[in-house]
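In what follows, a structure is listed as structure tokens, so that the remarks can point back to it.
Taken together, the values in this text are just the output of simple stated rules run on the coordinates, not laboratory data. Small disclaimer: the values here were computed from a predicted structure and weren't measured. For neighbour counting, all protein chains shown are included, and Cβ atoms are generated from backbone atoms with ideal geometry for every residue, glycine included.
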Amino acid sequence: MTAHASLATTAFGTSESATARQLAGTAALLRLALRRDRVMMPVWILLVAGLVLTMPGSLESVYGTAAERADAMESMNSNSSMRAMYGPVFGDSIGALSAWRIGGYAGVLAAVMSLVIVVRHTREEEESGRQEMLSASMVGRRAPLTAALLAAFVANAGAGLLITAGMAGQGASGALALGLGIAGTGMLFATTAAIAAQLTESARLAKGLTAAVLGAAFVLRAAGDAGSAEGSSAATWLSPLGWQENLRAFAGERWWVLALVAAALVAQGVVAYGLAGRRDVGMSFLPTRPGPARGRIGTAGALAWRLQRGAVFGWTAGFLLAGMVFGQMASGAADIVGDNESTRDIIERMGGGSGLTNAFLATMTGLFGMVAGLYVASSVLRLHGEETSQRAEPVLAGAVGRLRWAAGHLVIAFGGTVLLMAVCGAGMAIGHGGEAGALLGACLARLPAIWVLGGLAVLLVGAYPRGAVAVWAVVGVCLAIGWIGPALDLPQAVMNLSPFSHLPKLPGAEVSWPPLITLTLVAVVLVAGGLAGLRRRDVIG
Amino acid sequence: MTKAITVSGLHKSFGRTHALAGLDLDVEAGEVHGFLGPNGSGKSTTIRVLLGLLRADSGAAQLLGRDPWHDAVALHRRVAYVPGDVTLWRNLSGGEVIDLYGKLRGGLDRARRDDLVERFELDPTKKGRTYSKGNRQKVALVAAFASDVDLLILDEPTSGLDPLMEEVFQRCVTEERERGRTVLLSSHLLSEVETLCDRVSIIRKGVTVESGSLAELRHLTRTSVTAELAGPPNGLAHLPGVHDLAVEDRRVRLQVDTDKLDGVLRSLTEAGIRSLTSTPPTLEELFLRHYQDAAENGDETVVAR
């Protein structure tokens, strides 16, 4: 309420110059954005900064002495698959190793945070029609975009400051470089999202486009670093994530790289503002084509497929490509020199098993499994979205039982995970050039844990719809545990919180059926509980 | 006649708000029934209970002789529903949605569908996101009127329609009645209700306050009378059922309870009538009386939907 009240007062207080008119109301919109994000934003900031700040302590416990660290650095750098995952190591200090181990992923997280914030306050507002009300008041043409970018700036600056302050003990200039690098990556993708939000009419598509650019940036960097131990290949330099790496925090900072980031920021900002100034509120540059005058969709299931098929195709293509890229890299894992105990140790904790190639493949399979957890959560939540948007109401007012309505989406959600993991295994086999059976089996063996996450989503949507989005928090925790748990050497009790921790580490290890069966049963119980809840409760309206 | 809808003593709470507090509703088969009430009085909640989307806390509800919660799917083959605020899928065309809604019910009369698309001047090839509010409403209306069903439940269906389309809508409802279908029409457009409805129910704060044919309801309310008299009026103020009496020399204006009209006219005739206008109560006055009562009593329970 206060934000609305102040909207008017700020707007009336603006001067008459053209720029000021275009930006009128920005301050009020920013306050509105920060107020709406008062929970989400601090959580994101703490997540990004927390990931980084827990790293030095855990690295110290794994690599206690300078000699161990130098050893680790050498073996990591000589292994192209490790470089593909984390980038090259530029120094053997605790700070440099922390920046290597987590800096890139913190940058990716900051980018995701930024794209969510920017799209949420631009295209999503327009799509919902709320922007129309605001733009009809004294709000300038450029104010919404500016407010969204400022909100992203607040979040990135917050994360950057926390990181800089928290890492200062490892060296002030390195801490500053790391904080600036991560925040810079975040802001870069904030402007990418700003452009995407002008191009598309749907918020979902704008987020998807930006995420695709982010994914491409990651693959470029990974491919470049697989080929170069210096971070100097052309592919790395083409990726904004490669710039952050090449800032070389804690290892002779190259400050001039920041100029590159700043230039890209300005360039993308100019494009976004240019586009924003040339279009109508609610419209986009990708025009809408007319559809068929008659429809063939006749069942709730067909409707669910029509709504989700785009996402399924996109995810499938992504999993196939990524599987091929990482399958290809696995061969490099054999390049590792010597039998460095601690390095072997950390890789085996992540991937388990015998032989480093298998360990690498198992690590990758594990990562794909966790990413598929994101798919299943978002796919199940489509049910919730259909309900809260009131599009489900006329469908359920037809001769469609609630279970039948839910089943359409759930078949796509759970069947989709099988498709994704199968395609991923096939992609890895193609990239690796063999072992199709083992890789396919390894990928499919991740399914029970993915289904547990999907089942939890069904339970929340069905039995406690108000808390449905909490699924993201659970998926986030599981991802964090699986992603950084092995490097942090977390206690087994914590690791066990994630369903993924209970799976056999394939390929390489023995297939143990009990956890696979137990997890599948847990998933079945969760889904059944959710469906029972859905049958009994009121439809949200 | 059999009942299409019977509701008695329906209760429904959302947390601490009581959306329905013992609501009664009877709709005869084959009639067009108006469902009136201020915003937040519980119309949409009642409709959503009747559709099996909400589960009533207590009370009885029957739709076409069956339980709306337990027999939802079977019932929905015979029911078409138009919400007051139609949300469409952004990337589906209007035509696709019309056919989907139709197939999800008992089926669709294709010839009638095409005829309705033309009458409502709807472009069925446009995508959901490009429709205006009125056009989204038309998508749901075409699907409902073209569906092969026994009962239409329309929840403020004409919000957003222009006057020409409003006329098309009224003709469609009349046709539905001629075909023997039952219509429950929740509306704020009183002229629309007056034109279309055989009977109306007025609800307030989740309770039915009036129910009956318009003639019956009119009888319960006041007629306004304006007269110019030959001599001074006498004794009008003491007559039962007279309200808001204003005497200006020999001009008289007053409101009288319709069942007490007789006595007033007799008293006026005694004074000698030069001219006389008597206006029967409009539905609007009837309705406003309930609205105003609500406001005077301090309308503290404002319930959404």
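Return the FRET efficiency for the residue pair B:Arg110, A:Ala18: r is the Cβ-Cβ distance, R0 is 56 Å, and the value is rounded to the nearest 0.05.
The pair B:Arg110/A:Ala18 has a calculated efficiency of 0.50.
Let me know the charge dipole size of the protein assembly as shown about its Cα centre in debye, to the nearest 20, where only the beta-carbon of Lys, Arg (+1) and Asp, Glu (-1) is charged.
Details: 76 positive and 75 negative charges, 137 e Å.
It comes to approximately 660 debye.
Need one number: nm distance between label points at B:Thr87 and B:Lys133, each 7 Å from Cα along Cα→Cβ, rounded to one decimal.
Calculated label separation equals 1.6 nm.
Set Lys and Arg Cβ to +1 and Asp and Glu Cβ to -1, take the dipole of segment B:3-217 about its Cα centre, and tell me which of B:Leu23, B:Leu184, B:Ser93 lies farthest positive.
Final value for the positive-end residue is B:Ser93.
I'd like the distance between the alpha-carbon centres of segment A:442-480 and segment A:124-157, rounded to an integer number of Å.
Comparing the Cα centres of segment A:442-480 and segment A:124-157, I get a distance of 32 Å.
Please state the charge dipole magnitude for segment A:79-144, taken about the Cα centre, from unit charges on C-beta atoms (+1 on K and R, -1 on D and E), reported in debye and rounded to the nearest 20.
Using only the charged Cβ atoms, the result is roughly 140 debye.
If I take every Cα pair under 8 Å that is 6 or more residues apart in chain A, average their sequence separation and divide by the length, what percent do I get for the relative contact order?
Details: 879 pairs, mean separation 79.5, N = 541.
It comes to 15 percent, rounded to a whole number.
Given an 8 Å cut-off on Cα distances and at least 6 residues of separation, report the relative contact order of segment B:3-217 as a percent.
Numbers: 451 pairs, mean separation 61.9, N = 215.
Value for segment B:3-217: 29 percent.
Extending each Cα 7 Å along its Cβ direction at B:Val73 and B:Glu121, get the distance between those two points in nm, one decimal.
4.2 nm
I'd like the Karplus ³J(HN,Hα) series for segment A:93-104: coefficients 6.51, -1.76, 1.60, θ = phi - 60°, whole numbers in Hz, and an x wherever there's a Gly or Pro.
6, 4, x, 5, 5, 4, 4, 5, 5, 10, x, x
Between A:Arg309 and B:Ser278, how high is the FRET efficiency from 1/(1 + (r/R0)^6) when r is the Cβ-Cβ distance and R₀ = 60 Å? Nearest 0.05.
E between A:Arg309 and B:Ser278, to the nearest 0.05, is 0.35.
Students often check this: by mean Cβ neighbours within 10 Å, which of B:20-27, A:251-258, A:60-67, B:162-169 ranks highest, and how do the rest follow? Show your work: numbers first, answer last.
On the way: B:20-27: 20.2, A:251-258: 15.9, A:60-67: 12.6, B:162-169: 14.4.
Order by mean packing, descending: B:20-27, A:251-258, B:162-169, A:60-67.
Have a look at A:Val524, A:Ile484, A:Gly318 and report the one farthest towards the positive end of the charge dipole of chain A, computed about the Cα centre with Cβ charges (Lys/Arg +1, Asp/Glu -1).
Farthest along the dipole direction, towards plus: A:Val524.
When only Cα pairs under 8 Å and 6 or more residues apart are kept, what is the percent relative contact order across segment A:300-541?
Computed value for segment A:300-541: 30 percent relative contact order.
Return a single number: how many Lys pairs in segment B:3-217, at a sequence separation of 8 or more or on separate chains, have alpha-carbon atoms below 25 angstrom apart.
Pairs that pass both the separation and distance tests number 14.
Work out the charge dipole of chain A with +1 on the Cβ of Lys and Arg and -1 on the Cβ of Asp and Glu about the Cα centre, then indicate which of A:Val261, A:Trp451, A:Gln328 is farthest towards its positive end.
Farthest along the dipole direction, towards plus: A:Trp451.
Dipole of segment A:300-541, Cα-centred, from +1 at each Lys and Arg C-beta and -1 at each Asp and Glu C-beta, to the nearest 20 debye?
Here the size comes out at about 1120 debye.
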